[in-house]
Amino acid sequence: EDQVTQSPEALRLQEGESSSLNCSYTVSGLRGLFWYRQDPGKGPEFLFTLYSAGEEKEKERLKATLTKKESFLHITAPKPEDSATYLCAVQNSGGYQKVTFGTGTKLQVIP
Amino acid sequence: EPEVTQTPSHQVTQMGQEVILRCVPISNHLYFYWYRQILGQKVEFLVSFYNNEISEKSEIFDDQFSVERPDGSNFTLKIRSTKLEDSAMYFCASSSIMNTEAFFGQGTRLTVV
């Protein structure tokens, strides 16, 4: 069974203080790893898809990286508007469409 | 920017009643999904739909659940006889390529009393 574990559960940063969120995954074969942002009471907002180890993607202050066992979401010089829950999810390459989500990291950026 | 829209935003229903949650996926997308998120828990896959049929479903998606694409734009989730434990946020999503860049709606909060 596919599993996704995210750490830490919660993270509080000062504005401008860079950090990383971790996503460890277990899957028999990886089709794709996804990062989403979720604001309270809203649906997940797509950020990145990573397909193979060594791949990196960037968007504004966010950079996602992938290894064979984990993914990191690096946040550089965060701003208060980056406060949200960041979700990691994986899709198995075994022909299945099911996406398995982690429980997320709740990020709070303090001015 | 195209978006997935869901209605209603909040539905309160009595236990045992039928509910239909509605979604309008992004117009050129081919794959449609329903997920749910119980308060404080993770997002869980329910079902995927392609070419007018279910392509995959989870163990949560039992005989009480059904999906339909009644016309060219709407995608619905029906729960036949709601239980208290069906209370959750239900998200519809769609994608143009299978699970790449899936776009989520804002959700329907279902409360069963």
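The values are calculated or read from the model by the stated rules, or taken from the named source; none is laboratory data. On a predicted model such as this, the values are computed, not experimentally measured, just so you know. All Cβ positions, glycine included, derive from the backbone under ideal geometry; neighbour counts span all protein chains shown. Please note that ligands, DNA and RNA were not included when accessible areas were found on the heavy atoms of the full protein model with its side chains. Shrake-Rupley method; radii C 1.70, N 1.55, O 1.52, S 1.80 Å.
General remarks:
- Strands (runs of 3 or more DSSP E) contained in segment A:5-56 and holding at least 3 residues open to solvent by less than 50 Å² (accessible area, probe 1.4 Å) and closer than 24 Å to A:Gly94 by Cα: A:19-26, A:30-38, A:45-50
- Any chance B:Leu84 is hydrophobic (A, V, I, L, M, F, W, C) and open to solvent by 80 Å² or more (accessible area, probe 1.4 Å): yes
- Options A:Arg31, A:Arg12; residue that is farther than 21 Å from A:Val109 by Cβ and either at pLDDT 95 or above or within 14 Å of another protein chain (Cβ to nearest Cβ) (or both): A:Arg31
- Condition check for B:Gln17: in contact (Cβ under 8 Å) with a residue 60 or more places away in the chain, among the polar types (S, T, N, Q) and open to solvent by 70 Å² or more (accessible area, probe 1.4 Å): yes
- Being surrounded by 20 or more Cβ atoms within 10 Å (Cβ to Cβ), under 14 Å from B:Phe45 (Cα atoms), touching an Asp or Glu at 6+ places or on another chain (Cβ under 9 Å) and of a type outside the set (Phe, Trp, Tyr) is a description that does not apply to B:Leu110.
- Checked against (1) touching a residue at least 24 places away in the same chain (Cβ under 8 Å); (2) open to solvent by less than 70 Å² (accessible area, probe 1.4 Å), B:Gln64 meets all criteria but (1).
- At least 1 residues being away from chain A (no Cβ under 14 Å) is the threshold, and among the strands (runs of 3 or more DSSP E) wholly inside chain B those reaching it are B:10-13, B:19-24, B:65-68, B:75-79, B:108-112.
- Residue list for segment A:39-64, filter: hydroxyl-bearing (Ser, Thr, Tyr), within 10 Å of chain B (Cβ to nearest Cβ) and either under 25 Å from B:Leu39 (Cα atoms) or out of contact with any Ser or Thr (no Cβ under 7 Å at 6 or more places or on another chain) (or both): A:Tyr51
- Count of segment A:80-99 residues which are free of Cβ contacts under 8 Å to residues at least 40 places away in the same chain and among the hydroxyl-bearing types (Ser, Thr, Tyr): 2
- Yes/no for A:Thr100 being crowded, with 16+ Cβ neighbours inside 10 Å and in contact with a Lys or Arg (Cβ under 6 Å, 6 or more places away or on another chain): no
- Segment B:23-41 - residue that is modelled with pLDDT of 95 or more and surrounded by fewer than 17 Cβ atoms within 10 Å (Cβ to Cβ) and, of those, farthest from B:Glu85 (Cα to Cα): B:Val24
- Hits in segment A:46-58 - residues which are touching a Phe, Trp or Tyr at 6+ places or on another chain (Cβ under 7 Å) and not hydroxyl-bearing (Ser, Thr, Tyr): A:Phe46, A:Leu47, A:Phe48, A:Lys57
- Residue pairs meeting the criteria (Cβ under 6 Å; at least 6 apart or on separate chains; first basic (Lys, Arg), in segment A:51-77; second open to solvent by 50 Å² or more (accessible area, probe 1.4 Å)): A:Arg61/A:Thr76; A:Lys63/A:His74; A:Lys68/A:Ala53
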